[in-house]
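Worksheet: the structure to be examined is printed underneath.
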Amino acid sequence: MSDRDLQTAPSATIETTGRMIDTPSMRTRWILVAVVVVAAFLVAAGLLVLNGRTSSEEVAEIDRPLIVLDAGHGGRDPGAVCGGVHEADINLSVLKRVAALIEAGERLSVTTTRTVDVYVTLEDRVMLANDTNACLYLSIQSNACDYPEVTGIETLVSDVLDPGDPSWQFAEILQDNLTEATHARDRGVRSQDLYLQRATMPAALVEIGFLTNEGERRLLLDPEYQQTVAQGIYNGIVAYIEFAQQR
């Protein structure tokens, strides 16, 4: 085809020597196709929003840090038994109160290792937290010893962790908030050989009082005091989350 033929040919895609040459009209068509594709995508996205699949409520839920709460012992393992009181029952009662505080707020989400008096292995408790990609794991337990005069609250971390580890930071913040709320004796934070070493997130175990002390046992049976303990634990969790987010 001559140069003159090219000038007079209709505006179209012309094949010459195996190459495709875009004419101005063909480029216009491609632009129109691209506009149609983008418009179709935007319409589909709009329909998803209208159907609630990308609702703000779901986004907020995803953004809420997940806390795993564990009530120590349970089922065939009652824990310490003092004055007819089973540790597992106290642990579960306080856990439910902490979980209720978390659920009532809008900042965090929560799951628990048990909600009834059943036995759960230590491995399964930690596995639950690891599998759900939780950001914190807290085991709630009650203490006991051979000396009935001993009282107070203490928080434990795994002894494979160095001071300054996030688990230590969580434990220290939790301990401070819990003793401030309850005015119980502050027994501090210490490390111990614990199953918590298997956790992939900051993890701690809090001993909320001694069942072997008669006065403290009465407190731990008191619903109002349990609520105070729960509030202190909740305050500690929130304070740690805020601390971690600011780093």
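The values are calculated or read from the model by the stated rules, or taken from the named source; none is laboratory data. Since we're looking at a predicted model, the values are computed, not measured. Glycine gets a Cβ as well: all are built from the backbone with ideal geometry, and neighbour counts include every protein chain shown.
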Subset of region 75-99 (residues that are touching a strand residue (DSSP E or B) at 6+ places or on another chain (Cβ under 9 Å) and hydrophobic (A, V, I, L, M, F, W, C)): A80, C82, V85, A88, I90, L92, V94, L95, V98, A99
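Is at least one residue of region 172-187 more than 15 Å from G232 (Cα to Cα) and among the small types (G, A, S)?
The answer is no; no qualifying residue exists.
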Qualifying residue in region 197-211 (condition: closer than 19 Å to V110 by Cα and either touching a Cys at 6+ places or on another chain (Cβ under 9 Å) or modelled with pLDDT under 95 (or both)): yes
Cβ-Cβ under 9 Å pairs, at least 6 apart or on other chains, region 56-72 side within 14 Å of M201 (Cα to Cα) and part of a helix (DSSP H, G or I), far side at pLDDT below 80 and of a type in the set (A, V, I, L, M, F, W, C): none
Close pairs from region 194-210: first in contact (Cβ under 8 Å) with a residue 12 or more places away in the chain and within 17 Å of Q169 (Cα to Cα), partner among the charged types (D, E, K, R) and buried (at least 21 other Cβ atoms within 10 Å of the Cβ), Cβ under 7 Å, at least 6 apart: E207/E154
Close pairs from region 132-158: first more than 18 Å from L221 (Cα to Cα), partner hydroxyl-bearing (S, T, Y) and crowded, with 22+ Cβ neighbours inside 10 Å, Cβ under 6 Å, at least 6 apart: V157/S167
Conditions (1) modelled with pLDDT of 95 or more; (2) over 17 Å from the mean Cα position of the chain (by Cα); number of the one not met by P163: (1)
All positions within region 113-155 that are over 14 Å from the mean Cα position of the chain (by Cα), among the aliphatic types (A, V, I, L, M) and surrounded by 15 or more Cβ atoms within 10 Å (Cβ to Cβ): V120, L122, I140, A144, V150, I153
